[in-house]
Amino acid sequence: MQLLAKGNTAVVPNLWALEAANVVAKSRKRGLLTEAGAREFLALLSDLDVETDTTTHGRALHDTLSIAIEHDFSAYDAAYFELALREGLQIATLDQDLTAAAVKAGGARVLIG
């Protein structure tokens, strides 16, 4: 978040907006987020410089699936990992398995936080 606030761009798989919407919907359902809080969160997201990778879908049943199987990831996590490897990007995650795989692969730099 600090890097994005400084003007950097995040590159995400095209499923990112759906995942963000899912987080908001589940948080609202569980009472963890009010309607006003949801609007505020979505406004913050819309202010971030986020670029959507348009090739995620085309790689889902090949490269991404192979990564998911090899590392026992969800297809969603594998999509982020595949993108980071392919583009040589940092991957921002708190997930220990994803971090370990990125470090082991060497092609994706891990940005934790």
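The values are calculated or read from the model by the stated rules, or taken from the named source; none is laboratory data. Remember, predicted model here, so these are calculated numbers, not experimental data. Quick reminder, even Gly has a Cβ in these numbers, built from the backbone with ideal geometry, and neighbours come from all protein chains shown.
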| Some residue of the stretch 30-53 being β-branched (Val, Ile, Thr), loosely packed, with under 13 Cβ neighbours inside 10 Å and modelled with pLDDT of 90 or more | yes
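Among Gly31, Gly58, which is among the small types (Gly, Ala, Ser) and closer than 16 Å to Ala79 by Cβ? Steps first, please.
Values: Gly31 fails: closer than 16 Å to Ala79 by Cβ.
Among Gly31, Gly58, only Gly58 is among the small types (Gly, Ala, Ser) and closer than 16 Å to Ala79 by Cβ.
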| Has the stretch 61-75 got at least one residue that is closer than 20 Å to Thr99 by Cβ, surrounded by fewer than 12 Cβ atoms within 10 Å (Cβ to Cβ) and of a type in the set (Val, Ile, Thr)? | yes
| query | Where in the stretch 13-113 are there helices (runs of 4 or more DSSP H), lying fully within it, with 3 or more residues that are touching a Gly at 6+ places or on another chain (Cβ under 6 Å) and without any contact (Cβ under 8 Å) to a residue 12 or more places away in the chain? | reply | none
| request: Report the residue count in the stretch 58-77 for those that are within 14 Å of Asn14 (Cβ to Cβ) and of a type in the set (A, V, I, L, M). | output: 2
